[in-house]
Amino acid sequence: MKSTTYSEKVMDHFRNPRNVGILEGKHVAKGKVGNPVCGDLMEFTIKVKDNRIDDIKFKTFGCGSAVATASMITELAKGKTLEEALKITRKDVADELDGLPPIKMHCSNLAADALRDAINNYQNKQKFKTEAEKDAKGDQKVILGEKEFLNNGVYHEAKNLSRFKEKRTLVVDRGVKSLELALSISQQSPRVVFLTPSKALSADEELKTKIKQSDVKILYESRLLEIMGFNTVEKVKIHDLNEDDEYELFMDAVVIL
Amino acid sequence: MVLKEDIFRMTIYLDYQSSKPVDSRVVEAMLPYFHEKFGNPSALHEIGDEATEVLEKCRQEIAGFINSEKDEILFTSGATESNNLALIGFALRNKAKGKHIIISEIEHISIHNITKLLQRMEFTVSKVPVDQYGRVSLKKIADRITDQTILVSVGYANNEVGTIQPIAEISRLCREKNIAFHTDAVAAEGLLPLDVKKDSIDLMTLSSNDIYGPKGLGVLYIRKGIKINPQIIGGGQERGLRSGTENIPAIVGMAKAAEIIRQEREEEVKRFKAYRDKLIKNVLEKIPRSYLNGHPEERLPNNAHFRFDGIEGESILLSLKDKGISVATGSACSSKTLEPSHTLISLGLLHEEAHGSLEFTLGRFTTEKDIDAALKALPEVVDRLRKLSPLY
């Protein structure tokens, strides 16, 4: 079966997804699973009344089955008690959709997990993870290759911005100064990636807006493990803290203030 | 002839990179060789002689297509076999000279997997990174050359993002250093003028379908003096380098396809370029936070490769499919391995950006109406999916 051969029911939910959006207000909790790195990200908000899911909405970044499973579970969960809703499994969702391609059963069938996350968050009265979540910068480990490539692609300062012209540049989070620097480098370089272990940027609103409007890409919850290359920097290895996964990114320069 | 390309009026096909229809003139040329002229070139009777004659005539036509000599053309079952024969055949024959091979990070998946096999045979393989546009750097190749290097393989143009490589410069460097140079020219075939003499190429992979010929036929050009070991052993056809009875109907088809390209390429490419440029200009203008992947100038005339912030490629592909438009994506979700395209990652793209990519490749039967339909559908699709996305 091709990974994109979907049942009519999957296609129906993909074409006309139910309950898209975000709920706000009292008695609302949020759940989230997945990661844009692996290609699927799902967010649910639930509104609870008398221990029942009174309303539920979702947002999804992902393939056809990611959209369809998220949409389907909102229909399955609405009106159920929290205990009943917790029992909805991945298989239940797939069955309701008349099945999913085997390869998609694991990767894009995250809706049940995301719903459970939302319910757990509600039951633990856990508040939304706020923007100002403290970052875990304190225990930064040694970055392999940092010394080897110093001044051959690794820089501890960036006075000479023209150096980054046409260079794909990674800027490691060292506070507001490094974020401002990423913004300046993006005037020279078509590709600037800002790497932070935090879940959100710690900067004032003005700077955040500027970043959002710029071409600077932010990698949240990520750490730089290793810098690699041949004479000069060619790629870096990144640790995705959320998924506890490692992957490589092709970069020509790294700035560590 | 009933075999017209009318099928293309029913669907909007913008994925010529993955498969091309066989031109009806090619089908017509092939037909007699299935039934009336069915001979085996190895047979010594009249029907066999007729087959030998047409085989050598076709070989001449295809040699002319890349400016090679006739006996430098070897027929195979397709580009994948040609790549296998070029790399494994050359490496095994020449391992006494050295056991180091250089390829680029954005080679076709067959080249990547063949070099994995060679590594298990104790060859060392260096992969040269590309810049943000997908261009291989001559300096980075030169840096990696050692006295053990026997072969460099860099594709003429990339099959996904369409970036054209500085082939003449790379091959000149190899010739100076007495290193053999192989190029997989499948993506460039029929779109760029290919000249193995001018470009100092030692080994070149071609495919029949990529110039609107039948599938199941490929060519390996082997410059005179370059020695390789055969990979398929049998009755000694193709100078003993590739045994097996020659696929005469397909060879006739490819020769006809090459003849058509020789006559029509320039005009055809002019048309592709105009459509491609219209597509690129309008997509980037109409869709906010959309980007062109690959090189802005050094790109194949029929290729437009985009990425869109905040959405995923398979979802875009499915939505366009609903509107009767066929395109391709580098997203993991539509691949067999669930890994994003290694080419897009090599450009320095983040995984989520690679997932959000979309590839248009135009071809012989593309009309301006097709482009207009895509331009109408795409902004609506992107907008709808962005409304669903937590990332946008």
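Taken together, the values in this text are just the output of simple stated rules run on the coordinates, not laboratory data. Remember, it's a predicted structure, so these values are computed and weren't measured experimentally. All Cβ positions, glycine included, derive from the backbone under ideal geometry; neighbour counts span all protein chains shown.
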> If you take every DSSP beta bridge whose two residues both sit in the protein assembly as shown, what share of them, in percent to the nearest 5, is antiparallel?
Replying inline: 60
>> How much of the pair distance distribution for segment A:137-255 lies past 24 Å, counting alpha-carbon pairs only, in percent?
In response: 20
>> How many angstrom lie between the Cα centre of segment B:179-204 and the Cα centre of segment A:202-228?
In response: 42
> Taking other Cβ within 10 Å of each residue's Cβ, how do B:267, B:314 sort, fewest first?
Replying inline: B:267, B:314
> What order, most packed first, do the peptides A:218-225, B:81-88 have when packing is the mean number of other Cβ atoms within 10 Å of each residue?
Replying inline: B:81-88, A:218-225
>> At a 10 Å Cβ-Cβ cut-off, how would you order B:361, A:232, fewest neighbours first?
In response: A:232, B:361
> Hey, what's the per residue convex hull volume over the C-alpha atoms of segment B:46-186, in cubic angstrom?
Replying inline: 127
> Considering only the other residues whose Cβ falls under 10 Å of the Cβ of residue B:108, what net charge follows from Lys and Arg at +1 and Asp and Glu at -1?
Replying inline: -3
> Amide H to amide H, which residues 5 or more places from residue A:23 or on other chains are under 5 Å from it, using H placed in the peptide plane?
Replying inline: A:45, A:57
> What nm distance separates the two modelled labels at residue A:232 and residue B:265, each placed 7 Å from Cα along Cα→Cβ?
Replying inline: 3.4
> For the charge dipole of the protein assembly as shown, defined by +1 on Lys and Arg C-beta atoms and -1 on Asp and Glu C-beta atoms about the Cα centroid, which residue among A:251, B:280, B:75 has the Cα displaced farthest towards the positive pole?
Replying inline: A:251
>> From the phi angles alone, apply the Karplus equation (6.51, -1.76, 1.60; θ = phi - 60°) to segment B:86-94 and give each ³J(HN,Hα) in whole Hz, x where the residue is Gly or Pro.
In response: 5, 7, 6, x, 6, 4, 5, 5, 10
>> Under a crude label model (7 Å from the Cα following the beta-carbon direction), how far is residue A:206 from residue B:57 in nanometres?
In response: 7.9
>> Can you tell me how chain B classifies by the Cα gyration tensor, rounded, prolate or oblate, using a/c under 1.5 as the rounded cut?
In response: oblate
> Using all Cα-Cα distances in the protein assembly as shown, what percent lands in each 20 angstrom bin from 0 up to the longest?
Replying inline: 17, 45, 30, 7, 0
>> I need the phi-derived Karplus couplings for segment A:219-233: 6.51 cos²θ - 1.76 cosθ + 1.60, θ = phi - 60°, integer Hz, Gly and Pro marked x.
In response: 10, 7, 6, 9, 10, 8, 9, 8, 10, 10, x, 9, 6, 10, 5
>> Could you give each residue of segment A:91-97 its phi-based ³J(HN,Hα) in whole Hz, using Karplus coefficients 6.51, -1.76, 1.60 with θ = phi - 60°, and x for Gly or Pro?
In response: 5, 4, 5, 4, 4, 4, 8
>> Pick from A:103, A:119, A:185 the residue whose mean-square fluctuation is largest in a GNM of chain A, springs joining Cα atoms under 10 Å.
In response: A:103
>> Quick check on the protein assembly as shown: helices-only [θ] at 222 nm, where DSSP H runs of length 4 and up contribute -39,500 (n - 2.57) each and the sum goes over total residues. Nearest 500, please.
In response: -10000 deg cm²/dmol
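Taking Cα pairs under 8 Å and at least six residues apart, what relative contact order does chain B come out at, in percent?
It rounds to 21 percent for chain B.
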> Which percent of Cα pairs goes in each bin when the distances of segment B:265-388 are cut into 10 angstrom slices starting at zero?
Replying inline: 13, 46, 34, 7, 0
> What is the dipole size for the protein assembly as shown, taken about its Cα centre, with +1 at each Lys and Arg Cβ and -1 at each Asp and Glu Cβ, in debye to the nearest 20?
Replying inline: 1160
